[in-house]
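Engineer: My structure is below; once you've seen it, I'll send some questions.
The values are calculated or read from the model by the stated rules, or taken from the named source; none is laboratory data. Note that the structure is predicted; figures quoted are calculated from it, not measured. Cβ sites come from the backbone with ideal geometry, for glycine too, and all protein chains shown count toward neighbours. These accessible areas exclude ligands, DNA and RNA; they are computed on the full protein's heavy atoms, side chains included. Shrake-Rupley method; radii C 1.70, N 1.55, O 1.52, S 1.80 Å.
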Amino acid sequence: MTCQFTERISQLVDGELAPADAGQARRHLAACALCRQAEADYLALRAEIQAADSAPDPAPARTPLRGSRRAPIWRREVALPAPVLALLLVALAALGVRSVRPPQAPDNAAAPPQRVRREPPPASDFSRFDRGARALIYKARRAESESR
Amino acid sequence: MKTLVRIALVLLLCLPLMASDLKPDAGLKRIRFQISAVEERGEARQIVSQALVEGPPGTDFNIHLRDARFKMTAKFLTDLVTPDKLRVRARLDTRRLHGYSERRLPLYEEDAQGESFELGFDEQIVLLPFGRGGDDQLQIEISPARSDESVLSPSGEVRPLAIRILKQSPGGAISVEASRVPHRFRLEAALFDRGREVAREAAECLIEEAREVRLGPLALALTVDRYARDRPRDQVAISFDASRAGETIARGWAGVAGLGSEMNYELGDGLTLKFSIRLAPGETAGR
C-alpha cells in the first residue's frame, strides 16, 4: 500500500516545503499511519547518514608488510647471455650518439612554433533580440535589403 | 529486310532521347543559396554566420537556430519553375520558453507558419526569427544564384549536394542541412464499388502540398508527405481526406508504400479506394 503524500513527507523531513504546504503535510501526517511510518523511516535513514559522515576515517595502514623473503629489486641479480648483453650495449651507444647530434630543422620550420590557443565557443544567447514577437518571413529585392 | 534495318536505325536514334528523359539536362546549372545570419544594430550590420548550399534544382534545406530559451526550424522546399524563377515553400516552427508551471515544469509557446514565394534571382528571402522591432535585430537572408557548375559531372553522374560553411555561428547556434528528394509525383487513384471500378483519375502532385482530386462521387485531398530512400524501392508516405456529398468519410488517413505499388483503403459501404504514386515524368530520384 502506498499513499500519495509519501513524497511530500520526504520533502517535509528535508525542510523543502513552503510553510503552507508543510502545515498541510503535518495535518495529513496526524491522520495517516503509512506516512507516519514513512517519516520514521526517513528520519532513521538521515540519522544513519549523519552518523556515517561524522565517523573518523580508518587509520591508514602504515605498517609495512613483513615476512617477505625476496630481496629488494636493487639487490637482485640478473643473468644475461653475453651476445644479448653486447647487443644491448651497442643499442645504447647508438641511442647516445643520436641524441648528441643536433636535430636537422625541417624546411618549413623558418617560423617559430606558435602556440595555438583554442578558445571555447561563446555560449549562444539571442535573448537580446527576443521581445516575444512572432517570427516573420518575407521576400525582398536584394539591393533593397542589403542597403538597409 | 530493309524495313527491319530502318526500324533498328530509328530505335538507335531514339535511344539518346529516351535516356535524356531519365537524366537531368546536361546543360542545367546548379542553384546556390547563400544563407547569412546578420545582426543589425541601427545602421551597423554584422554577419553572425554564413553558409552556401549548392545542388541541382529541387534542392531543399533546413535552417536551425537555438539558444537556451528559443528554438526555430525553418524548412525550405525549392523548385525551379522557369529558368528565372524559383518557387520556395517555407515552413517555420518556433518554440519559445514562456516560463515554468507551479510544478516547475517548463511552459513553451509554439508557433507554426507556412509561406510560398515566387523568387527571382535578384531577390531574397528575409527571415526574422524574433520578429521585427527594436534597434537590435537578427535576420537570416537567403539569396539564390545560378552556379557556374552544371548539374551533371563529365561522367554523366548527378553531382552531389555541397554545403560550405563560410562563417560558423558562435557555439554552433545556427546550423544548415540540405537534401534532394523528388518533388513531383504522379498520383493514380481509382474507386471501386463492391469490386467494380466506378471512377479513375490521375493527377500530378507536389511533395508536402495537398492535391484535390475528384473521383466520381468522392472528393479527395491527398498529400505526399515524405519521400524516403529505400531498397529495393524508395517509399512514399501519403495522407488524405475523403468526403462524399459534403460528408467526411475519411480524415487524416495515411499510409506508406513503395514507389509504384498499390495502396488499398476500405471506406465502408462496399467502397474501396486504390492509390499508386510514381515519379512524375521528367522527375528523377537523384541517386
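Engineer: Looking at this model, which pairs from A:K139/B:K167; B:K85/B:K167; A:K139/B:K85 are more than 18 angstrom apart at the alpha-carbon? If you can, show how the numbers build up before the last one.
Structural biologist: Numbers: A:K139/B:K167 24 Å; B:K85/B:K167 28 Å; A:K139/B:K85 13 Å.
Listed pairs above 18 Å: A:K139/B:K167; B:K85/B:K167.
Engineer: Using the Cα centre as the reference, give the magnitude of the dipole from point charges on the C-beta atoms of chain B (Lys, Arg: +1; Asp, Glu: -1; all else neutral), rounded to the nearest 20 debye. Intermediate results must be reported in sequence, preceding the final value.
Structural biologist: Values: 42 positive and 43 negative charges, 183 e Å.
Dipole size: approximately 880 debye.
Engineer: Oh, and also: Not counting ligands, DNA or RNA, and with a 1.4 Å probe, what is A:V84's accessible surface area in Å² rounded to the nearest 10?
Structural biologist: Probe radius 1.4 Å; accessible area of A:V84 about 60 Å².
Engineer: Which length gain, in nm to one decimal place, applies between B:L166 and B:F121 when the Cα-Cα distance is subtracted from 0.36 nm times their residue separation? Please list the in-between numbers first.
Structural biologist: Values: separation 45, 0.36 × 45 = 16.20 nm, distance 2.08 nm.
Taking B:L166 through B:F121 to full extension adds about 14.1 nm, to one decimal.
Engineer: Let me ask something additional. What does the extension gain come out to for A:R134 and A:A30, with contour length at 0.36 nm per residue minus their alpha carbon separation?
Structural biologist: 32.2 nm
Engineer: Roughly how large is the A-B contact in terms of buried accessible area, totalled over both chains, probe 1.4 Å, nearest 100 Å²? List each step's numbers first, then the result.
Structural biologist: Values: alone 14920 and 16900 Å², together 28690 Å².
Chain pair A/B: roughly 3100 Å² of buried accessible area.
Engineer: Give the accessible surface of the range A:6-52 per residue, rounded to a whole number of Å², with probe radius 1.4 Å and ligands, DNA and RNA excluded. Don't jump to the answer; show the numbers that get you there.
Structural biologist: Values: 3080 Å² over 47 residues.
Ligands and nucleic acids excluded, the figure is 66 Å² per residue.
Engineer: Multiply the residue gap between B:S243 and B:I47 by 0.36 nm, knock off their C-alpha separation, and tell me the result in nm, one decimal place. The partial results should precede the final answer.
Structural biologist: Numbers: separation 196, 0.36 × 196 = 70.56 nm, distance 5.08 nm.
Value of the extension gain: 65.5 nm.
Engineer: Quick one: pull the percent of accessible area on chain B belonging to carbon and sulfur, 1.4 Å probe, ligands and nucleic acids left out. Working shown, then result.
Structural biologist: Numbers: 7870 of 15450 Å².
Result for chain B: 51 percent of the exposed heavy-atom area is carbon or sulfur.
Engineer: While we're on this one: In whole Hz, with x marking every Gly and Pro, tabulate ³J(HN,Hα) for the range B:273-283 from phi via Karplus 6.51 cos²θ - 1.76 cosθ + 1.60, θ = phi - 60°.
Structural biologist: Along the range B:273-283, the couplings run 10, 10, 10, 9, 10, 10, 6, 5, x, x, 7 Hz.
Engineer: Compute the distance in nm between two label points, each set 7 Å from the Cα along the Cα-to-Cβ direction, one at A:V84 and one at B:R194.
Structural biologist: My value for the distance between the label points is 9.9 nm.
Engineer: Rounded if a/c is under 1.5, else prolate if a/b beats b/c, else oblate: with a ≥ b ≥ c from the C-alpha gyration tensor eigenvalues square-rooted, which is the range A:6-52?
Structural biologist: Since a/c reaches 1.5 but b/c is at least a/b, the shape of the range A:6-52 is classed as oblate.
Engineer: Grab the beta carbon distance between B:Y100 and A:D125, set R0 = 30 Å, and tell me the FRET efficiency rounded to 0.05. Write out the running numbers ahead of the final one.
Structural biologist: Working: r = 19 Å, r/R0 = 0.64.
Once rounded, the FRET efficiency stands at 0.95.
Engineer: OK, next. Rounded if a/c is under 1.5, else prolate if a/b beats b/c, else oblate: with a ≥ b ≥ c from the C-alpha gyration tensor eigenvalues square-rooted, which is the range B:122-268?
Structural biologist: Values: a/c = 2.88, a/b = 1.75, b/c = 1.64.
In terms of gyration-tensor shape, prolate.
Engineer: Give the shape of chain B as rounded, prolate or oblate, defined through the alpha-carbon gyration tensor: a ≥ b ≥ c are the square roots of its eigenvalues, a/c under 1.5 means rounded, and otherwise the shape is prolate if a/b is larger than b/c and oblate if not. Working shown, then result.
Structural biologist: Numbers: a/c = 2.70, a/b = 1.28, b/c = 2.10.
In terms of gyration-tensor shape, oblate.
Engineer: With a 1.4 Å probe and all protein chains kept in place, how much accessible area does B:T82 have, in Å² rounded to the nearest 10?
Structural biologist: Roughly 60 Å² of B:T82 is accessible to a 1.4 Å probe.
Engineer: Which ³J(HN,Hα) values, rounded to whole Hz and listed in residue order, are derived for the range B:190-202 from phi using the Karplus coefficients 6.51, -1.76 and 1.60 in 6.51 cos²θ - 1.76 cosθ + 1.60 with θ = phi - 60°, glycine and proline given as x?
Structural biologist: Karplus values, whole Hz, x for Gly and Pro: 9, 10, 10, 10, 6, x, 9, 5, 10, 7, 8, 8, 10.
Engineer: Right, another one. How high is the relative contact order of chain B, given as a whole-number percent (alpha carbon pairs under 8 Å, six or more residues apart)?
Structural biologist: Working: 635 pairs, mean separation 48.2, N = 287.
Computed over chain B, the figure is 17 percent.
Engineer: Which far-off residues, 5 or more places away or on another chain, put their amide H under 5 Å from the one on B:R211, with H placed in the peptide plane?
Structural biologist: Distant-sequence amide H within range of B:R211: B:L222, B:T223.
Engineer: Same structure, new question: Rounded to the nearest 500 deg cm²/dmol, what is the calculated helix-only ellipticity per residue at 222 nm for chain B, with -39500 (n - 2.57) per DSSP H run of length n ≥ 4?
Structural biologist: Numbers: 1 runs with 21 residues, N = 287.
Dividing the helical sum by the residues of chain B leaves -2500 deg cm²/dmol.
Engineer: In the Gaussian network model of chain B, springs joining C-alpha atoms below 10 Å, which of B:R164, B:R229, B:R69 carries the largest mean-square fluctuation?
Structural biologist: B:R69
Engineer: Highest GNM mean-square fluctuation, chain B, Cα pairs closer than 10 Å: which of B:E247, B:E204, B:E39?
Structural biologist: Answer for the Gaussian network model of chain B: B:E247.
Engineer: Which whole-Hz ³J(HN,Hα) couplings does the range A:133-138 yield from phi under the Karplus relation 6.51 cos²θ - 1.76 cosθ + 1.60, θ = phi - 60°, glycine and proline marked x?
Structural biologist: 7, 6, 4, 9, 9, 8
Engineer: Give me the net charge for the shell around A:A18: Cβ to Cβ below 12 angstrom, other residues only, Lys and Arg +1, Asp and Glu -1. Can you show the working numbers first?
Structural biologist: On the way: positive: A:R8; negative: A:E16, A:D21, B:E102.
That works out to -2.
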